[in-house]
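Have a look at the structure below before the remarks.
Only the coordinates and a few stated rules stand behind these numbers; no lab work does. None of these values were measured; they are calculated from a predicted model. Glycine gets a Cβ as well: all are built from the backbone with ideal geometry, and neighbour counts include every protein chain shown.
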Amino acid sequence: VCTAVDVVDAVLVDVRSKLITIDKLAQQAEWQAAAEELLRTQDQLSHLLDVESPEVTYILAEVQEREQDLPLKQAKALKKDGDETCILGDWPKAQKLYQKAHRCLVKCDGPEELLIIRQHVPLKRLEQARTEAKCDFQAAEWAGLDAKLELVQHCMQAVKEAGMLIPLESAAEVEEMRLECTLQRVLGVKRSGDTEAARGTREGFAAAELYFATALKLLATRQ
């Protein structure tokens, strides 16, 4: 004869097996399958909520731990993928991964991890923007550098709004690139003015004056 105790024991054995399966699926990054298995486990245990037993209490705690731990593990894995994608230079894809990580953390009781992700996104965006600007700077691609430095400034502001400080060396590096970019633009405009002046014509001198005025304006607005 199958007693109520036998039924409870059978359910507990099955639930323990499911927990092992959930852990294995999480290790393989099969997050959807792990979440579905967890839902089935929770449904199975719902029939034992009124059972007073140390074993049932323990297994309920185990399931609750998985409920919190699973989205946290997924968020950390997504953050890692986002970091690797960011290194490869694909910021749009990296940002989507960070957003998924953020959504996972909202599901679990992980305020500290949630704050880390919220701060991590603007930091990684700043890092990516600085890297892109630095590549143009080192390649002397002055034409596109100005816009990229504007993006860096925007990212720095986002970092500040997230409650973090900008490292002094980072701010100094950006300022150095900004000043060099301005200088190179001024020199380029001056060269155009010199070319016009070298023509020795009234029109050439008039054009040269405009170029020189533009160069002075650039210097004044960037000081």
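Miscellaneous remarks
- Selected from Gln95, Gln128, Gln32 as most flexible by GNM, with the chain as the system and alpha-carbon contacts under 10 Å: Gln32
- Descending Cα extents along the principal axes, the stretch 9-95, whole Å: 55, 16, 16
- Cβ-Cβ FRET estimate between Gln28 and Tyr58, R0 fixed at 25 Å, reported to 0.05: 0.45
- With a simple spin-label model that places each label point 7 Å from the Cα along the Cα-to-Cβ direction, the separation between Asp90 and Gln44 comes to 3.7 nm.
- Helix-only CD estimate at 222 nm, as mean residue ellipticity for the chain, using -39500 (n - 2.57) per DSSP H run (n ≥ 4): -30000 deg cm²/dmol
- Over 27 Å between alpha carbons, listed pairs Lys76/Lys134; Lys18/Lys124; Lys96/Lys134: Lys76/Lys134; Lys18/Lys124
- The angle between the Cα long axis of helix 4-27 and the longest principal axis of the Cα atoms of the chain comes to about 20 degrees, rounded to the nearest 10.
- Förster radius 25 Å - calculated FRET efficiency between Glu150 and Glu209 (Cβ-Cβ, nearest 0.05): 0.30
- Once the C-beta distance of Leu187 and Cys135 is scaled by a Förster radius of 25 Å, the resulting FRET efficiency is 0.75 to the nearest 0.05.
- Cα centroid separation, the stretch 19-69 to the stretch 148-211 (Å): 59 Å
- The stretch 140-223, Cα convex hull volume normalised per residue, Å³: 88 Å³
- Taking every alpha-carbon pair within the chain, the share separated by more than 24 Å comes to 64 percent.
- GNM flexibility winner over the chain from His154, His102, His47 (Cα, springs under 10 Å): His47
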